[in-house]
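Each value in this text was obtained by applying a stated rule to the coordinates, not by laboratory testing. Not measured: the values here are computed from a predicted model. When we count neighbours, we look across all protein chains shown, and the Cβ atoms used for this are built from the backbone with ideal geometry, even at glycine.
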Amino acid sequence: MRSACRPKVWLRRSGFEVVLRRSGTLLGLHLWTLFARYEINAVIDVGACAGEYGSWLRRNGYKGLIVSFEPVAESFGVLAKRAARDPLWLAYNLALGRERGEAEIYVTEQKMFSSFRHPSPYAFEAFGSQPKIKSTETVTLATLDEMFDQIIVGISRPHVFLKMDTQGWDLDVLEGAKESLGRIIAFQSEVAVRAVYEGVPSMRESLDYFERCGFSVSGLFPVNLDEKMRAVEFDCVMVRSPAAQ
């Protein structure tokens, strides 16, 4: 654990939390508690972009394996450099979906908006030019089912957490994880209150799907708000339901 993280961890163990505005601290506290409760030792990071989530996990005190997937070439280049400095962080230049193959991805001005789905008119209203498409790339698709055993090799008792931030593609990732999902303890998905991409499932549709997969809501954390303080998206944390264990 980095020395800068030690005061935060010490305060948590003492029952206190320092919350900074727009810092993601409430989600961090929730995952810190969940990871300890379920002894999470492997995180699958789907839609890793430049590795921001993996770096955030390390700052949040997580020491276990991180396996990141990012299909966009420029973002993957930055991700790969970050992962190379960490012996417990692996990076794959792949997208995960419902089947193996290739697909065209829209690469946007702000890389975090890159998606297999076209940005909606609301995206430009809410975020200006950031979702503007500047190019497309043909990327390789794999499924989590075919990658899962490779991910956890060498871990005698894997306790796996799945994080998805694929800009409207999370349900496709889960469709390709029907065999491996039973080996995942909990996951995080970005769910939409307002559609930033065309054809993106609504929050209610996503939650219904998660519940059919055997998971229950553990927490909902706003990702962004519009100018009227209305939620646009939430980070949704799900844990396996007792009946599905």
Computed E for residue 102/residue 37 - FRET, C-beta separation, R0 41 angstrom, nearest 0.05: 0.55
Once the Cβ-Cβ distance between residue 109 and residue 84 is put in as r, and R0 is 30 Å, what FRET efficiency do you end up with, to the nearest 0.05? 0.65
Residue 133 and residue 150 label points (each 7 Å along its Cα→Cβ direction) are spaced in nm at 2.9
Could you pull out every one of the lysines with an alpha carbon less than 27 Å from that of residue 163, ignoring same-chain neighbours closer than 8 positions? 8, 63, 81, 111, 132, 134, 178
For the chain, built as a Gaussian network whose Cα springs stay under 10 Å, the top-fluctuating residue of 132, 163, 81: 81
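List the relative contact order of the chain as a percent without decimals, with contacts defined as Cα pairs under 8 Å and 6+ residues apart. Walk me through the numbers on the way to the answer.
Details: 463 pairs, mean separation 40.2, N = 245.
16 percent.
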Out of 130, 150, 188, any idea which swings most in a Gaussian network model of the chain, alpha carbons joined below 10 Å? 150
Net charge of Cβ neighbours under 12 Å - reference residue 169; Lys, Arg +1; Asp, Glu -1: -3
Sorted by chain and number, the residues with a modelled amide H under 5 Å from that of residue 92, at a separation of 5 or more or across chains, are 68, 69, 70
Go ahead and run the numbers for FRET between residue 183 and residue 59, Cβ-Cβ distance against an R0 of 22 Å, rounding to 0.05. 0.20
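Order 218-231, 43-56, 103-116 from most to least packed using the mean count of other Cβ atoms within 10 Å.
Details: 218-231: 13.4, 43-56: 22.9, 103-116: 18.7.
Highest to lowest by the protection proxy: 43-56, 103-116, 218-231.
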Quotient of Cα Rg and 2.2 N^0.38 Å for the chain, N being how many residues it contains: 0.98
